Amino acid sequence: MNIAYFNGNFLPKDEIRISPDDRGFLFADGIYEVAKWYEGFFFDMESHLIRMKRSLREVRINWPGEDSFPAFAEELIERNQLSDRQALIYLQVTRGASPRSHAFPDPEVPPTVYAFVNEFNSHLPGSESGVRIMLKEDFRWNRCDIKSVALLANILSFQEAREKGLWECVFVRNGLITEGSHSNIFFVINGILYTHPESHYILSGVTRKNIFRIAGEAGIPVKEEPLPADKIGTIQEAFTTNTSAEITPVIAIDDLKIGNGLPGPVTKLLRKNFDAEIISLGKGKTKFT
Ligand code: PMP
């Protein structure tokens with residue numbers, strides 16, 4: 001049975017009822033967060049919690065129980081018997097249920113808090129051999145730093161990539177590569193790692209931040225500088241990062257083959273070091289299949 005968390009309670013998922021007046025449903029007036037469980041621990045839950053609180057603050061949703069997230073996340077894992085598995089938690093917080101009006105409910109209503117967990121194994125097909133992606137003009141709003149549930153532009157873009165047999169759609173804004181529909185993107189040029197700086201045009205990925213550290217530890221310099229889309233011919237490697245798929249080598253962008261069409265040495269080294277860190281944090285319990 002799939003047990004989910006709903007406004008402070010653990011319930012079978014199919015017993016949860018959300019009001020049709022919920023502002024998440026009516027306006028996509030809410031934020032979300034996704035964290036990964038590795039057979040015994042959530043990877044960098046602290047950063048996920050910080051980002052979740054920031055998203056709430058930026059959209060002015062008041063959830064007094066926000067600090068309870070890590071504890072109920074672990075309880076959900078246990079209640080779903082996923083402690084010794086790899087899993088993702090999805091958390092969504094909306095501004096609550098209230099008759100439809102653009103203005104915030106007055107008086108304030110309690111937010112709707114919903115979370116579920118699902119088993120999820122990282123090493124997806126493509127994570128070893130590399131994936132192909134496409135570029136597209138970024139037509140999202142300009143607060144992509146907020147992890148808003150309003151993902152229509154991301155969904156349409158991802159679907160377009162999927163229908164072309166591609167792994168991701170990566171956005172270009174004002175001629176500069178920003179991020180993917182559900183990932184950040186890095187490029188390697190002459191041994192230096194490049195990615196778009198933190199701004200309103202990208203989500204500050206938790207994996208992205210950890211890559212900075214892991215790259216630093218491996219002596220690989222990182223520059224937070226955006227790559228102009230017309231300079232993709234100069235890159236030797238590319239990879240995307242996100243919580244679910246971790247580090248995914250990119251071997252082609254539109255019609256351009258990257259490097260020799262295989263994951264490059266910097267990408268492979270970062271993947272190896274990321275896996276080693278997970279294994280060490282799991283004290284040997286975590287296995288990659
Ligand atoms: N950008 C976007 C638009 C995303 O949806 C995601 C995935 N949540 C990311 C970047 C990567 O973030 P993280 O590494 O925290 O999963």
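Values computed for the structure shown
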item	result
Listed peptides 246-256, 93-103 by packing density, highest first (mean Cβ within 10 Å)	246-256, 93-103
Extension gain from Glu225 to Ser280, taking 0.36 nm per residue of separation minus the Cα-Cα distance	16.7 nm
Glu46 paired with Leu269, simple spin-label distance in nm, labels 7 Å along Cα-to-beta-carbon	2.6
FRET efficiency, 1/(1 + (r/R0)^6) with R0 25 Å, evaluated for Glu128 and Glu39 via beta carbons	0.80
Linear extension gain, Arg100 paired with Phe139, 0.36 nm per residue minus alpha-carbon span	11.4 nm
Those lysines that a straight Cα-Cα span of less than 27 Å connects to Lys268, excepting residues fewer than 8 apart in one chain	Lys36, Lys136, Lys164, Lys209, Lys223, Lys231, Lys257, Lys283, Lys285, Lys287
Angle between the chain longest axis and helix 206-217 axis [Cα atoms, degrees, rounded to 10]	40
For the range 3-119: accessible area per residue (Å², 1.4 Å)	49
Fraction of accessible area attributable to carbon and sulfur, the chain (%, probe 1.4 Å)	54
Residues of the range 128-156 with amide N under 20 Å of the 7 Å Cα→Cβ point at Asn174	136-146
Selection of GluC sites (Glu not before Pro), the range 97-197, meeting DSSP coil and at most 16 other Cβ within 10 Å	Glu108, Glu128
Relative contact order, percent, the chain [alpha-carbon distance under 8 Å, six or more residues apart]	18
Dipole magnitude of the chain about its Cα centre (Cβ charges: Lys, Arg +1; Asp, Glu -1), debye to nearest 20	300
Point-to-point label distance, Asp254-Glu160, nm (Cα→Cβ direction, 7 Å offset)	1.2
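The values are calculated or read from the model by the stated rules, or taken from the named source; none is laboratory data. Small disclaimer: the values here were computed from a predicted structure and weren't measured. A quick note on method: Cβ atoms are made from the backbone with ideal geometry, for glycine too, and the neighbour counts reach across all protein chains shown. The protein model used for the area step is the full one, side chains on, heavy atoms only, and it has no ligands, DNA or RNA in it. Shrake-Rupley method; radii C 1.70, N 1.55, O 1.52, S 1.80 Å.
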